[in-house]
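A short write-up of the structure that comes next.
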Amino acid sequence: MDLGAETGERGGQRRRRRVLLTALGVLLLVFLLLNGTVMALRWGGAPASPLFARVVTFAEGALPARAEVRVVRPAWLRGLANRLAGPPRVGLQVGHLHAADQPDELAGLRFSTGAHAAGLDEVEVNLAVAEALADRLRARGLLVDLLPATVPPGYRADLFLSIHADSSPDPTRSGYKSAHYRPARNAREALLKVAVDRAYLSATGLPDDDRNVSGNMLEYYAFNVRRFHHAVARSTPALIVELGYLSHHRDRALLQRPDELAAALERGVMTYLRDIGRL
Ligand SMILES: [Zn+2]
């Protein structure tokens, strides 16, 4: 074998290796980009920049509505992704708080000040529970936004809970109920509902009042992205909870112990975040 042929063969090998490495690099880049977008969609994490928000919005539009995206990720990669994403963000809406400040598109809700029964105001109960829950979640290192009846347009978080209490002319009506938008806006809303419902019902012993879920809950204004600008982003799993009836003597006693109720909701939130691999 002469020297020239040997050098030519080596050069060919180097070229093939370079092509292979470049192809691997491109594949890795495409994988990371896709995975990053999918993670952003699944977690609905608060976008760090307007450009990132635009990429997520584009990807949401490009994917079929309510498509369930499942990414199998090893634990170390999940841990790394969670560290990069930062602490989970939770939005807590105090039902009816500052209703008079609703924007024009929601002017019809300016007088929706919540239930009143036996000298108790729903909004005070909602606020006490939301504040206690915020304290508990912050103590665990989570980021919490306490929000009034008006949510910021396109609000994003890892999850969103709208906190309410009910009342009924029937003093025997008792129990807890919750609802995500119908139809569900993303695949994680059902998971959030199951986790929160289980935790709350088992901790409080209240009956499940699911049959009294109203149309207003199933089409809750703050989840209705088609009609309203001031709504939680479609990719953020969102749930409205009715913690009990102010008009029922036993429910009322429970509603006056906000920290107990907050502890039950906290368990539901933490279970959900663990279920989706965000913790
Ligand atoms: Zn309410």
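The alpha-carbon atoms of segment 138-200, seen along their principal axes, cover 39, 27, 25 angstrom, with the largest extent given first. Counting only Cα atoms, segment 89-137 measures 34, 33, 10 Å along its principal axes, largest extent leading. Taking θ as phi - 60° and the Karplus parameters 6.51, -1.76 and 1.60, the scalar couplings of segment 93-106 work out to 9, 7, x, 6, 5, 6, 4, 5, 8, 4, x, 4, 5, 10 Hz in sequence order, x denoting glycine and proline. Here the Debye sum runs over all C-alpha atoms of segment 87-275 as equal scatterers in vacuum, and log10 of I(q)/I(0) at q = 0.11, 0.12, 0.18 Å⁻¹ comes out as -0.42, -0.51, -1.24.
Coupling constants for segment 237-243 follow from the phi torsions by the Karplus curve (6.51 cos²θ - 1.76 cosθ + 1.60, θ = phi - 60°), and in residue order they are x, 9, 9, 9, 10, 10, 6 Hz; glycine and proline get x.
Counting every other Cβ atom within 10 Å of each residue's Cβ, 104, 208 order from fewest to most as 104, 208. Listed from fewest to most Cβ neighbours within 10 Å, the set 270, 217 follows the order 270, 217.
Here's the picture: a label point sits 7 Å out from the Cα of residue 32 along the beta-carbon direction, and within segment 74-103 the residues with their amide nitrogen under 18 Å of it are 74, 76-86. For the pair residue 22 and residue 259, the difference between a 0.36 nm per residue extended length and the Cα-Cα distance amounts to 79.6 nm. Arranged from fewest to most other beta-carbon atoms within 10 Å of their beta carbon, 209, 121, 135 become 135, 121, 209. Take the Cα of residue 110, step 7 Å toward its Cβ, do the same at residue 138, and the gap between the two points is 3.2 nm.
Every number here is computed from the coordinates shown, using simple stated rules; none is lab data. The shown structure was predicted, so the numbers you read here are calculated from the model rather than taken from an experiment. Note that we place each Cβ from the backbone using ideal geometry, even for glycine, and neighbour counts take in every protein chain shown.
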